[in-house]
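Beneath this line is the structure, given in structure tokens, with notes to follow.
The values are calculated or read from the model by the stated rules, or taken from the named source; none is laboratory data. Quick caveat, the model's predicted, so the values are computed rather than measured. For neighbour counting, all protein chains shown are included, and Cβ atoms are generated from backbone atoms with ideal geometry for every residue, glycine included. These area figures cover heavy atoms from the full protein model, side chains too; ligands, DNA and RNA do not enter into them. Shrake-Rupley method; radii C 1.70, N 1.55, O 1.52, S 1.80 Å.
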Amino acid sequence: MAGHISLSKSLKRALIAKDIAGLRPSKNIGATEVLAGGPENLGCTSKDYRNYILKSRKLQLQEGDAQSLLKFFSDMQQKDREFYYSLDVDRFGQLRNIVWVHSHSKIAYEEFHYVICLDTTYLVNRYNMPFASFVGVNQHR
């Protein structure tokens, strides 16, 4: 059952380490099955492992991405003092969450109470680019 599927932290680390080392997902899963003594001992399907590996790949920043983002935010703040941004990093210094608010958005919210929702649950794999949709709701809903 889908609700009972879970990957242990050690298994997740091993899958990611093998992926970073360049092992293709099918070989990575095969090696995991051999170490577990067969696919019946895994507790998950190979599709669950493949999904985890591919999801972890998509969420990784490429070299220079964070610096480019910080430079962009810094430039924006130089142009507009009301521009706001905040970065959240984990205990290893890796970027987890980002929020930014343009001054025009602040003014629009104060005047019209607009709400903007940014949805990044869809990731595009082909060009390694995230797809983010903006959904806005104004005072008329």
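Tabulated data
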quantity: For Phe83, residues with placed amide H under 5 Å, excluding near neighbours; calculated: Ser103
quantity: For Lys27, net neighbour charge (Lys/Arg +1, Asp/Glu -1) across residues whose Cβ lies under 13 Å away; calculated: +1
quantity: Spatially proximal lysines relative to Lys12 (Cα-Cα < 18 Å; intrachain offsets below 8 disregarded); calculated: Lys27, Lys47, Lys55, Lys58
quantity: Estimated inter-spin distance, Leu7 and Glu82, nm [label 7 Å along Cα→Cβ]; calculated: 4.4
quantity: Radius 14 Å from Cβ of Arg81, net charge of other residues (Lys, Arg +1; Asp, Glu -1); calculated: -1
quantity: Accessible area in the full protein assembly, largest first, 1.4 Å probe, for His102, His113; calculated: His113, His102
quantity: Surface accessible to a 1.4 Å probe, per residue, for the residues of the stretch 8-49, Å²; calculated: 62
